[in-house]
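Engineer: This is the structure I want to talk about, given as structure tokens.
Only the coordinates and a few stated rules stand behind these numbers; no lab work does. This structure is a prediction, so every number in the text was calculated from the model and none was measured. Methodologically, a virtual Cβ is constructed for each residue, glycine included, from the backbone with ideal geometry; neighbour enumeration extends over all protein chains shown.
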Amino acid sequence: MLRLFRNKLFLLILATVVVFIVMGISTSQDSKINWFGNAIDAAFSPVQKLISTVGRKVNSYMSLFSDMKSLKAENEELKIKVERLEKENGELAGYREKNKELREALNLKDQFKDYDSIGANVIAKDPGNWFNIFTVDRGKNDGISNNFPVITGKGLVGSVYSAGLFSSKVVTIIDMDSTVSGRISKTRDLVRVKGDINLKDQGLCRMDYISPDIDISVGDTVETSGLGGIFPKGIIIGRIKEIRQVNNELSRYAVIEPAVDFKRLEEVIILKSKNNVGPESTGK
């Protein structure tokens, strides 16, 4: 037993001595063991560098791929948000326009207190015309008669020229048979606004009977005078777009751009006198 213990102790001391010797040799710069390790490192260094480079590139590509997937998902999400916002913006614009029309209609009620305002929808227009004659869904059943004024919140449209039982024909101020007594808003000078065969297809009309002493300029507003027994005073007809000279000062006339866009008419207001003594039927 004692001999076995001595053998084990001897082996342990021997192993410890060998370890210290190897450690001493390996720390020497000229050591063969150190040279062998360096040779191994030199042989495997390019491989290690290649593996390290490939690893970095793979990680970079994987990161880029992941970023692209993330960006694509974000882009799709942003597209959906933009489409939703555009839709909401369109709806808000429609609401704003309707709100504006309602405010204008309320202003009309305050302006024309002697009239009832009857809303009507445009349901048809005569073929071949530039919306100078159209049909609305109100008629005699609603108390409508010929020559009742027709307006929108923006200005004068025209008048009823043929009232049926459930619908009516409306002739607009750009029709060549239409004549309206008007006045220049800034000077209060009287003029005549009428349809013109050469202007109606452009949605325009003309103003004549302009005396030489009347001061008019492009951009001036023209409104109804209240004379003639059909249209109340103060309805906006339009603005002077152009002043034309024919031969001399006495022959000048102005091109009027109506306040109403006749191509886009959808709804109008028919004015009915509260005294119920509207103009008699005269036809167009």
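Engineer: If you split all Cα-Cα distances of segment 117-273 into 5 Å bins from zero, what percentages do you get per bin, shortest first?
Structural biologist: Pairs per bin, as whole percents: 2, 10, 20, 22, 19, 13, 7, 4, 2, 0, 0.
Engineer: Given labels modelled 7 Å from the Cα in the Cβ direction, how far is it in nm from N275 to L78?
Structural biologist: For N275 paired with L78, the spin-label model returns 6.7 nm.
Engineer: Take each of the peptides 151-164, 229-242, average the number of other beta-carbon atoms within 10 Å over its residues, and list them starting from the highest.
Structural biologist: Result, highest mean first: 151-164, 229-242.
Engineer: If the chain between F166 and D201 were fully stretched, how many nm would it gain, using 0.36 nm times the residue separation less the Cα-Cα distance? Don't jump to the answer; show the numbers that get you there.
Structural biologist: Numbers: separation 35, 0.36 × 35 = 12.60 nm, distance 2.89 nm.
Here the answer is 9.7 nm.
Engineer: Using the basic label-point model (7 angstrom from Cα toward the beta carbon), what is the S66 to K87 distance in nanometres?
Structural biologist: That separation, rounded to one decimal, is 3.4 nm.
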